[in-house]
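Beneath this line is the structure, given in structure tokens, with notes to follow.
The values are calculated or read from the model by the stated rules, or taken from the named source; none is laboratory data. This structure is a prediction, so every number in the text was calculated from the model and none was measured. Cβ atoms come from the backbone with ideal geometry, glycine included; neighbour counts cover every protein chain shown. Areas reflect the complete protein model, heavy atoms only, side chains present, ligands, DNA and RNA absent. Shrake-Rupley method; radii C 1.70, N 1.55, O 1.52, S 1.80 Å.
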Amino acid sequence: MTSKKKRQRGSRTHGGGTHKNRRGAGHRGGRGRAGRDKHEFHNYEPLGKHGFTRPPKVTEEVATVDVRELDEDAPLLAAEGVAEETDDGYRVDARAVADDADDADAVKVLGDGQVHGTLHVVADDFSDSAVELIEGAGGSVELTELGRQRQQRRAEKDTTDEAGDDE
């Protein structure tokens, strides 16, 4: 078979339709991103702003750590001096274990995994499942001063929301 270039010899338009079609960018619908909000809109992301971003002064960065991680690493953490070995288990400060805890405003313990040993965990916040797992294994949870303040603010907010709903 001959090359396309050779086949096109003698043809006035080389397969481009009428000779007017290839003059400008009109046959393509424009150059670059032309028509992105008219005839090419389906090929581009939507224009404009969407959603809402909360101001940084009211957002709170929360670092998380799983109960499974605390339970598995408790002996290693005690050897490193991060956790404290007690008579009935280990006392662990979640802020010392969580990644990026120094940059975070609070540290929350999540209930992912299982707890086999007795843990006494100190953190700013706990999920309900984490409390259930830790106390189910014979351990205890303790909120830090920051955690107590956060819990108190949340309780006040809930009461004001409920009062607003009644009216």
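Please work out if H27 is open to solvent by 100 Å² or more (accessible area, probe 1.4 Å) and in a helix (DSSP H, G or I). So H27 fits the description; yes. Hey, any hits in the range 42-55 for a residue that's surrounded by 13 or more Cβ atoms within 10 Å (Cβ to Cβ) and of a type in the set (A, V, I, L, M)? Checking the range 42-55: not a single residue is surrounded by 13 or more Cβ atoms within 10 Å (Cβ to Cβ) and of a type in the set (A, V, I, L, M). Selection over the range 103-153 of residues that are among the aromatic types (F, W, Y) and modelled with pLDDT under 90 gives a count of 0.
In a residue-by-residue description of the range 41-61, the property of being modelled with pLDDT of 90 or more and among the aliphatic types (A, V, I, L, M) applies to no position. Taking the listed residues V141, V58, V107, V92, the one that is in a loop (DSSP other than H, G, I, E, B), among the aliphatic types (A, V, I, L, M) and farther than 30 Å from R36 by Cβ is V58, with no other qualifying. Answer with yes or no whether T64 is β-branched (V, I, T) and loosely packed, with under 13 Cβ neighbours inside 10 Å. No, not satisfied.
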